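The values are calculated or read from the model by the stated rules, or taken from the named source; none is laboratory data. Bear in mind the structure is a predicted one, so any value in this text is a computation, not a measurement. We place every Cβ from the backbone using ideal geometry, glycine too, and count neighbours over all the protein chains shown. Please note that ligands, DNA and RNA were not included when accessible areas were found on the heavy atoms of the full protein model with its side chains. Shrake-Rupley method; radii C 1.70, N 1.55, O 1.52, S 1.80 Å.
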Amino acid sequence: MLTTVMYHYVRDIPNSRWPRLKGLLPGDFAGQLDFIQRHYAVCSPDRVLAAAGGGEPLPTNACLLTFDDGLADHYHTVLPMLLERGLAAGFYPIGAAVDAAEVMNVHKAHFILDAEPDVGRLLAETWELVERCREQYDLPERAELQRRCITGAARFDDAETITLKRLLQQALPRPVARRCADELFRRHVTSDERGFAEELYLSPAQIREMAAAGMGIGGHGYRHEWLEDLPRREQVEDLERTRDFLHRILGRGPEDWILTYPFGSCNRHTFDLLERLPGCRLAFISSPGLEEDFSRRWTMRRLDTNDLPRDGRALPGEWTRKLAA
Ligand SMILES: [Zn+2]
C-alpha cells in the first residue's frame, strides 16, 4: 500500500511578509514528519519508481512525500529538515516559473488574497476587469462564469475565495484570466513580477543541488495549466516542454520520472500522451486516497498534508488506520 502526501508552502508564515498565506508551518511539518516516521516507511521517489517498474515491492506502510510548485520554501525549509532525518522526497517544479521567472496565476491569486483580505472587494474588482475585457473578447454571461466557478468541491476554501481563484485559474478564457491576474497582482502585490518570482521559486542551481542530495525531481507541467481544459495539441506541447525542462535542468537524458498534475487535472488524452512520453512512469492527481498497487499509474491518489496529524504523538487518524485494515 502506498500513501502519498502532497505539500505546497512550508514556511514560517506568521513572521513572513505574507502572514495570511495558507500553508504549513515548519514546526507543524516537523510534527507531521514525526508522525509519519512513527507509522510509515518513507520511500524515495526512486524506490517507488523501481517498485512501479516491477522491482522490489514496497512495504505495506510505504509513504512518498511530494512537494508541488517548485517553491523556494522547499530548498530553504524542507530540504534541511529532510536531510537531518535521512529522508528523500519528490519535488515538482513548474517549467515556466523557473525558466522565465513568471509568477503562475495560481500563486498570483494566493498573494493577492494575502495582500487584500477583503475577498468581496477583490471579487468586485475582478468582475470589473472582466467587464472591461468584453470589448475585446467574446465572454460568457456573468451567471455562466459564476456557474463555472462553483463546479467541483473545494476542500479547504470558502465560496468567495474559491470563486476568485477559479476565475483567475480556470473559468475565464486564458488571456482574460491572465490579464485580470496581472492587473490585480500589480495593484495589490508588486509591479516587479520577475523579482517576486525569483524569490518565490527554486532556481536551477537549487534544483540541481536538491537532486544531488538524493531528492527526486519530477514534472508539474510547463505552464501549470488545467490539462483537461487544453486541446490535445496544447497538452502535447505542455508535457513535452515539461520533459525537456527536466532534462535541461538536470543535465541528463531520459530517466524515469514522476508527474504531478497541476490542480490534479487530467483526462484520457493525457493518459494517452503519457504512455508515449519517454521516462514518465507515474502521475499523481490531487484527490485523497491510498494505492494498493500501480494499476492506476496515471491517476495515483495523494493525501493532502491537512489529512494527516501534525503531532508525532497523535493517534492514527482515518487514513493511517486504513493501513492496518
Ligand atoms: Zn501546483
Reported set for segment 263-290 where residues are within 21 Å of residue 211 (Cβ to Cβ), within 16 Å of the ligand (Cβ to nearest atom) and out of contact with any Leu (no Cβ under 6 Å at 6 or more places or on another chain) is 284
For segment 209-227, which positions are open to solvent by 30 Å² or more (accessible area, probe 1.4 Å) and touching a helix residue (DSSP H, G or I) at 6+ places or on another chain (Cβ under 7 Å)?
213, 223, 226
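Results for (1) in contact with a strand residue (DSSP E or B) (Cβ under 8 Å, 6 or more places away or on another chain); (2) in contact (Cβ under 8 Å) with a residue 40 or more places away in the chain; (3) closer than 15 Å to residue 122 by Cα, shown as yes or no for each residue.
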| site | (1), (2), (3) |
| --- | --- |
| 134 | no, no, no |
| 138 | no, no, no |
| 141 | no, no, no |
| 145 | no, no, no |
| 160 | no, yes, yes |
| 173 | no, no, no |
| 176 | no, yes, no |
| 185 | no, yes, yes |
| 189 | no, yes, yes |
One residue is enough: does segment 34-56 have a residue meeting the conditions away from the ligand (no atom under 16 Å from the Cβ), open to solvent by less than 10 Å² (accessible area, probe 1.4 Å), outside any helix (DSSP H, G or I) and modelled with pLDDT of 95 or more?
yes
Listed residues 168, 164, 172; which is in contact with a Ser or Thr (Cβ under 7 Å, 6 or more places away or on another chain) and either open to solvent by 60 Å² or more (accessible area, probe 1.4 Å) or more than 30 Å from residue 216 (Cα to Cα) (or both)?
164
Selection count, segment 281-325, where residues are part of a loop (DSSP other than H, G, I, E, B) and either of a type in the set (Lys, Arg) or under 22 Å from residue 32 (Cβ atoms) (or both)
21
Condition first: free of Cβ contacts under 8 Å to residues at least 40 places away in the same chain and either open to solvent by 50 Å² or more (accessible area, probe 1.4 Å) or in a helix (DSSP H, G or I) (or both). Can you find one or more residues in segment 99-108 that meet it?
no
Between a first residue in segment 71-90 that is closer than 15 Å to residue 25 by Cα and a second residue that is β-branched (Val, Ile, Thr) and buried (at least 19 other Cβ atoms within 10 Å of the Cβ), which pairs have beta carbons less than 6 Å apart while being 6 or more apart in sequence or on different chains?
73/10; 77/10; 78/10
I'd like the full set of residues that are modelled with pLDDT of 95 or more, among the aromatic types (Phe, Trp, Tyr) and closer than 14 Å to residue 238 by Cβ, limited to segment 253-295.
261
Based on what the data block shows, is residue 294 within 16 Å of the ligand (Cβ to nearest atom) and hydrophobic (A, V, I, L, M, F, W, C)?
no
State yes or no: is residue 136 at pLDDT below 95, surrounded by fewer than 23 Cβ atoms within 10 Å (Cβ to Cβ) and closer than 14 Å to residue 176 by Cβ?
yes
What about residue 239, is it crowded, with 21+ Cβ neighbours inside 10 Å and out of contact with any helix residue (DSSP H, G or I) (no Cβ under 7 Å at 6 or more places or on another chain)?
no
Test for residue 83: is it assigned to a loop (DSSP other than H, G, I, E, B), open to solvent by 10 Å² or more (accessible area, probe 1.4 Å) and at pLDDT 95 or above:
no
